[in-house]
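What follows is a single structure, written as structure tokens, with notes after it.
The values are calculated or read from the model by the stated rules, or taken from the named source; none is laboratory data. These numbers were taken from a predicted model, which means no experiment stands behind them. Here the Cβ positions follow ideal geometry from the backbone for every residue, glycine too, while neighbour counts run over all protein chains shown.
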Number of protein chains: 2
Amino acid sequence: MALIECVPNISEGIRTDVVADIVQDLRGIDGLHVLDVQSDPTHNRSVLTLAGTPEVLRTALPRLCELTMAAVDLRTHRGEHPRLGAVDVMPFIPLEGATMADCVALARLVGAELGARLALPVYLYEEAASSPARRNLEEIRRGEFEGLADKMRLPEWAPDFGPATPHPTAGATVVGARMPLIAYNINLATDRVDVARKIASTVRMSSGGLRYVKAMGLSLEGRPVVQVSMNLTNFEKTPMHRVFDMVQREAARYGVTVLESEIVGLVPQAALLLAAAHYLQLEGFSARQVLEHRLQQP
Amino acid sequence: MALIECVPNISEGIRTDVVADIVQDLRGIDGLHVLDVQSDPTHNRSVLTLAGTPEVLRTALPRLCELTMAAVDLRTHRGEHPRLGAVDVMPFIPLEGATMADCVALARLVGAELGARLALPVYLYEEAASSPARRNLEEIRRGEFEGLADKMRLPEWAPDFGPATPHPTAGATVVGARMPLIAYNINLATDRVDVARKIASTVRMSSGGLRYVKAMGLSLEGRPVVQVSMNLTNFEKTPMHRVFDMVQREAARYGVTVLESEIVGLVPQAALLLAAAHYLQLEGFSARQVLEHRLQQP
């Protein structure tokens, strides 16, 4: 059975009763797993983690949009996080038995439905993008809701689905397909934030580092510790252990050691198995050897 | 739901049709997972890996004994592996949601039933042992089927359940509870078997090494490679990464490097997560953060 994850970000993080009502409704959908809900009042944004078969998600995500559009009006929405829509972004992510192609197909189906049935302009991004210029979420979102009407007048920003002008209260939604994202932080036993910043700039793609790493360096409040805070956007191609080893080696160059690392939120099992197999130098290992994996087979 | 694993070893590894018939019958038991079946003709022995709830296993294991006793006559059985019974040994192992205490209780229930209903003498071992002298399987099995009648005449070898004399064709069965066993081999990039033997003797408990490691050194046929072949009998207390690091360090002392390692058969997910968390120096990590784990929750 193909299982797909979806992590919709909605532009409401203050009125927790509104978010709770939407989540409550989603929990009533047969076969839909609501894995996690995180609301951030500063960002005024909530991140839902859902999972299900393509069929279940095809029902659930338009429903989520409908409910969110009824509750959120971007004309009065304020928050620190940039946003283009009431349902701002909606990535589909392959889990067990599903491929990236399944996720791209699902993104197109759901995007087409949002455009046609809810009169919502939809942009496809990342693996589902209709052109290389639309792969990057930040590019699509630049100008935010407030600049969207002007942006959509440019021919290169015609939406992939739906009307040619913004939805008056819900803006536009960015739908796509990507690998699971791992929020991975490495703490260094020093108070020198410049070391964390230099290492972040060494490991991240944007300044010449590893292809699937985004990183920044920061101080941890109240502790004499600095952090290399990262998003790993493809753990198969840029695995956790390679990132850890590179940070450790770069830190040594400044006479600094790694204190600890942390995974924020959820992580696919495969990412940790890759790390174990790497450090233990396992040959010929397969996830099929994991006892719990066998129990799940029919 | 408490899930328990059981790895019965039966004294038949040549007549594969006999083993197939028994397995076929077990597959008909509702709720029983038959995870693996390995037959070894040299040992004339088969190892079954089963899993289920305590209730399911309480039905399945006596059934397995009944079928095996009808097919195997130890009076004519020959094989390299030492054995005491037609069903030689039957360990219960805690999986998700189950404790060692659950396994000990189940071993006693099943042992009592084998004694009463099948007239089979039963010895309890490892965590289920009725005295420290009976913890060790090798001690109970010493003398094998052929020496069992004499051994049972000694007061200290009265069985825990069942008749005071051996079953005429099925001998006795050893029932117990233990942690999952991981068959873990580390290959060294050298043809010097003395190095593998010295390292094996350094890491194993019996000669002063780690508490939950059994090890021997051997040559791999057809390759200029030697192997430290190990059983890890408690991966929580003696984790894989500690064993790997110790073998690697000892090998360096002889100017030898680790070529690779391998896990033979199944491994609990937790053992690999422990290794990943160790090498990545993960702080505050919980298996609840594994995405697939969340999907299994109701």
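Points worth noting:
- For B:Arg211, the requirement of being among the charged types (D, E, K, R) and more than 7 Å from chain A (Cβ to nearest Cβ) is met.
- Here A:Ile140, A:Ile199 are screened, and the one residue that is under 15 Å from A:Met230 (Cβ atoms) and part of a helix (DSSP H, G or I) is A:Ile199.
- Just one of the numbered conditions (1) touching an Asp or Glu at 6+ places or on another chain (Cβ under 8 Å); (2) buried (at least 19 other Cβ atoms within 10 Å of the Cβ) is not true of A:Ala196: (1).
- Residue match in segment A:206-213 (condition: assigned to a helix (DSSP H, G or I), under 23 Å from the mean Cα position of the chain (by Cα) and outside the structural domain of A:Arg117 (by TED's automatic domain parsing)): yes
- Elements of type helices (runs of 4 or more DSSP H) in segment A:239-298, at least 2 residues being closer than 17 Å to A:Val203 by Cβ and of a type outside the set (Lys, Arg): A:240-253, A:269-279
- The condition of being modelled with pLDDT of 95 or more, of a type outside the set (Asp, Glu) and in the same structural domain as A:Val256 (by TED's automatic domain parsing) holds for only one of A:Ala196, A:Ala149, A:Ala172, A:Ala158, that being A:Ala196.
- Which numbered condition B:Leu137 fails, given (1) hydrophobic (A, V, I, L, M, F, W, C); (2) modelled with pLDDT under 95; (3) in the same structural domain as B:Pro239 (by TED's automatic domain parsing): (3)
- Residues that are farther than 21 Å from B:Ala2 by Cα, aliphatic (A, V, I, L, M) and touching a helix residue (DSSP H, G or I) at 6+ places or on another chain (Cβ under 7 Å), drawn from segment B:96-132: B:Leu114, B:Leu118, B:Leu120, B:Val122, B:Leu124
- Segment A:49-63 - residue that is more than 13 Å from every other protein chain (Cβ to nearest Cβ) and closer than 15 Å to A:Gln24 by Cα and, of those, surrounded by the most Cβ atoms within 10 Å (Cβ to Cβ): A:Leu61
- In segment B:222-237, residue surrounded by the most Cβ atoms within 10 Å (Cβ to Cβ) [restricted to those that are away from chain A (no Cβ under 14 Å), under 21 Å from the mean Cα position of the chain (by Cα) and not in a strand (DSSP E or B)]: B:Thr233
- Pick from segment A:238-264, criterion over 17 Å from A:Tyr212 (Cβ atoms), of a type outside the set (A, V, I, L, M) and more than 7 Å from chain B (Cβ to nearest Cβ), ranking: surrounded by the most Cβ atoms within 10 Å (Cβ to Cβ): A:Glu250
- Failed item, numbered, when A:Gly284 is tested on (1) out of contact with any Leu (no Cβ under 6 Å at 6 or more places or on another chain); (2) surrounded by 15 or more Cβ atoms within 10 Å (Cβ to Cβ); (3) facing chain B (nearest Cβ under 9 Å): (2)
- Residues located in segment B:65-82, provided they are in contact with a strand residue (DSSP E or B) (Cβ under 8 Å, 6 or more places away or on another chain) and either of a type in the set (A, V, I, L, M) or modelled with pLDDT of 95 or more (or both): B:Cys65, B:Thr68, B:Met69, B:Val72, B:Leu74
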